[in-house]
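See below for the structure under consideration.
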Amino acid sequence: MLNFLRHRKLVILTRVFLGFILFGAGMSKLYFEHAFPGIIGPVWLEERLAEHGLALFARFVAFSQVLAGILLLTQRFATLGAIISFPLFLNILLVTISLEWQGTPYVNAVFLAMNSYLLFIDYHKLKFIITDTKPAQLPLERVRKEPRKDILFITALVFIFASIPFSYVNLYAAWVLVALCLCVIAWIQVRKKEQPKETS
């Protein structure tokens, strides 16, 4: 059973699923007239929480969903995405319970359980926080072998967030911008590192 849970494909599928769930949910809350494809809602969260003086909190949740979703989709930063997502899902769960939304708490509880599964899988990376085990001495030199990939990822992330206010100017162009940025992020993940040529 443990070997099945640690299966790489299952882990990747869970990350991708939660990544798209969070990304779509966040973007649909922030885009012009909520016109962004998403699997779950509610897109009117800010309007509903504004009745309780929590409009800024709802907007923070939406931006956090976008960031956590993208990090989960990258695989490279998926552990960080899972860490950010856990309190996010927990907050959303408590909000839906407090407002007595029917059915939504159960859906969020499933997402929270899936997120907990990802944290369990990455326990070897996180155990230094909750145990007395000391991490190995980290090298002082830069460990990123391909920093240009990080620059590309950060640039794509910035353009995705920039597309949100741009959607109020030109919705279709904003969609295209996000699609291009997601293609760049996907390309970063699948591009194999070039092998050095052998010299005779």
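Just a few scattered comments:
- For region 164-185, residues that are within 22 Å of VAL16 (Cα to Cα), among the small types (Gly, Ala, Ser) and touching a residue at least 24 places away in the same chain (Cβ under 8 Å) total 0.
- For region 78-120, the set of residues classified as free of Cβ contacts under 8 Å to residues at least 60 places away in the same chain, crowded, with 19+ Cβ neighbours inside 10 Å and aromatic (Phe, Trp, Tyr) consists of PHE89 only.
- Residues within region 47-69 that are touching a helix residue (DSSP H, G or I) at 6+ places or on another chain (Cβ under 6 Å) and closer than 30 Å to VAL11 by Cβ, tallied: 6
- Which listed residue, of LEU72, LEU54, LEU90, LEU67, is modelled with pLDDT under 90 and either closer than 23 Å to ALA179 by Cα or out of contact with any Ser or Thr (no Cβ under 6 Å at 6 or more places or on another chain) (or both): LEU54
- Looking only at region 54-76, residues that are without any contact (Cβ under 8 Å) to a residue 12 or more places away in the chain and not in a helix (DSSP H, G or I) come to 1 in all.
- Residue in region 31-52 that is buried (at least 17 other Cβ atoms within 10 Å of the Cβ) and under 23 Å from ILE188 (Cα atoms) present: no
The values are calculated or read from the model by the stated rules, or taken from the named source; none is laboratory data. As the structure is a computational prediction, the values presented were derived from the model and not from experiment. Positions of Cβ are generated from backbone atoms using ideal geometry, with glycine treated the same way; all protein chains shown enter the neighbour counts.
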